[in-house]
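Peer 1: Let me give you the structure first, and then I'll get to my questions.
The values are calculated or read from the model by the stated rules, or taken from the named source; none is laboratory data. Computed from a predicted structure; not experimentally measured. Heads up, the Cβs are rebuilt from the backbone with ideal geometry, glycines too, and the neighbour counts pull from every protein chain shown. When the accessible area is computed, the model is the full protein with side chains, heavy atoms only, and any ligands, DNA or RNA have been set aside. Shrake-Rupley method; radii C 1.70, N 1.55, O 1.52, S 1.80 Å.
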Amino acid sequence: MTSDGKMEKLKGLLESEYEWPTAYVFKFIVPKDKISEVEKLFPGHPLEKKASSKGNYTSVTITIELDSADHVIAIYEQAAGVEGLIAL
């Protein structure tokens, strides 16, 4: 499946499962030196962070009010540009 196909499927799921606007939870695993790039995706919003046992990675959780499934997808597309990031 193409990336576009995956995003269309995600959009359909988001639209069927949520009433917009809604609080949406993002969870990522990020290399510790890339945290600032994730923070830039959510300006003005605090991130919940927890370092891995060896300290190489950080678990990041953020709950943010969003207006649409398209906004969620836009954030995931931006996050995909962060090297080493894993979206959960």
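Peer 1: Where does helix 3-17 land angle-wise versus the long Cα axis of the chain, in degrees 0 to 90, nearest 10?
Peer 2: 70
Peer 1: Would you mind getting me the FRET efficiency between SER59 and LYS9? Use the beta-carbon distance for r and R0 = 22 Å, nearest 0.05.
Peer 2: 0.30
Peer 1: Taking the Cα atoms only, what angle lies between the long axis of helix 69-79 and the longest principal axis of the chain, rounded to 10 degrees?
Peer 2: Compared with the principal axis, the helix lies near 30 degrees.
Peer 1: If you add up the charges near LYS50, with Lys and Arg at +1 and Asp and Glu at -1, over every other residue whose beta carbon is less than 14 angstrom from its beta carbon, what do you get?
Peer 2: Combined, the nearby Lys, Arg, Asp and Glu give +3.
Peer 1: Compute the Kirkwood hydrodynamic radius of the chain, taking the inverse of the mean of 1/r over all pairs of distinct Cα atoms, and give it in Å to one decimal.
Peer 2: Computed over Cα pairs of the chain, the Kirkwood hydrodynamic radius comes out at 13.7 Å.
Peer 1: Leaving out ligands, DNA and RNA, what percent of the accessible area of the chain is carbon and sulfur, probe 1.4 Å?
Peer 2: The value for the chain is 50 percent carbon and sulfur by accessible area.
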